[in-house]
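Presented below is the structure to which this report refers.
Bear in mind that the values in this text are calculations on the coordinates, not laboratory data. Everything numeric here is computed off the predicted structure, so don't read it as measured data. Glycine gets a Cβ as well: all are built from the backbone with ideal geometry, and neighbour counts include every protein chain shown.
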Amino acid sequence: MSATVSKARPSSRKAAQQPQVERAKDPSAVASSQRGRTSAQGERHQNEGHGRRLTAAFEALEAFPALAESRDRLLAVSARDHVATADIVTAVESDVALTIAVLRLANQAQGARGRVDTAARAVELLKAPTVQALANRVRTFDFFERASVWDAAPERFRLHALATQSAADRIASEVGDEHRDRLMVTSLLHDIGKLVLLHAYPGYPAQVHRGARTPEERVHQERRELGVDHALVGGVLARRWGLPVTVATVIERHHNQDVQGEAAVIRLGDMLAHYEQGGQVSPSEMLQTARAVGLGPEELRRVLYELPSSVSQRRRHVDPCPLSGRELGVLQRLADGKVYKQIAHELTLSTSTVRTHLHNIYGKLGAVDRAQAVLSATERGWL
């Protein structure tokens, strides 16, 4: 019995080992394993390639130019004897690169890191001389002088950004949004991710967007072809620049289907800008987004009707008024067309006191006459 058992054991071990040897030598298994490793390595290399492309594009955006006319206007208003913060803010908000430069610098300031999300707050924090020095360092482009790296991209990008900004401000006015100054920034920067993709992928947007007609279809194509979309990339870039989360989040979410709040305002503004410029938009998507911000069909129709001629003339209450209550009263009556005697009678003052007030008003506003004083106060939202 012991001999029988002794013979059975080696045979059993050999039988148990045989399938293992056969599996190890199976060519199809080896090939499959190699293909799996190759596929994983290829995917890893592809992801690394995407990462390098995007990083290089992020760095290239450091040299994105401002429109020369916008830069020159900013320099002009900053160099005035009596600088109006509102005028500087308006000049900054007229250009993508200027807005980026001012916000980035303001968010690097001590105690303000990652908290400055409006151009008005940034200009107030930096002061006019710093903004002027910054504008002098910004690269510029001109319609008649194409840049070798960006070609016509800055011009096309700026036009759509400004159209979206105007539409978003119109929507904000309609619904009473309390963050209109921040919307002026996020609407201007909402598509910065497109600049990244434009630099990272030579076939973008024509090859990536091939066949897509509406903004939603183009975003779908980006996700399918590139694995990311310009909204997500824009949010990453905004964070990389140190901009507040209130700005980055709106940028990265403005194409989400279930978007709410400020991002919904930007999404609707983007649709309206495309519509105004003759592009195709989805009526159902537009109406859904309008409802998300509080606009019904009738309100949306009114905005669509008014949009082509809608230019934001909103007064920016940025500068503190230097005039006293009495001086404002005198200037308001002067704006109403009243003469010195009428003003003196209504305010129970002597005519000479009215003249003294006007002399002080002219000095504070940097005006040479009543017309200039009234115009200056009106433009700054004091009258």
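Find out how many positive minus negative residues lie around V354, taking Lys and Arg as positive, Asp and Glu as negative, among other residues whose Cβ is under 13 Å from that of V354.
Working: positive: R326, R333, K338, K341, R355, R370; negative: E327, E346.
My count for the surroundings of V354 gives +4.
Would you work out which of V265, P215, G242 lies farthest towards the positive end of the dipole of the stretch 215-295, given +1 charges on the beta-carbon of Lys and Arg and -1 on that of Asp and Glu, about the Cα centre?
Checking the options against the dipole of the stretch 215-295, the answer is G242.
If the only charges are +1 at each Lys and Arg Cβ and -1 at each Asp and Glu Cβ, what is the size of the charge dipole of the stretch 325-379 around the Cα centre, to the nearest 20 debye?
On the way: 7 positive and 5 negative charges, 35 e Å.
Computed charge dipole of the stretch 325-379: roughly 160 debye.
Provide the net charge surrounding L134, with neighbours chosen by a C-beta distance below 13 Å and charges set as Lys +1, Arg +1, Asp -1, Glu -1. Could you put the intermediate results ahead of the total?
Numbers: positive: R71, R104, K127, R137, R139; negative: D95.
Within the 13 Å Cβ shell, the charges total +4.
With a cut-off of at most 11 other beta carbons within 10 Å, and DSSP calling the residue loop, which chymotrypsin sites (Phe, Trp or Tyr not before Pro) in the stretch 104-167 qualify? Please list them.
Details: sites: F141, F143, F144, W150, F157; in loops: F143, F144, W150.
Qualifying residues, ordered by number: F143, F144.
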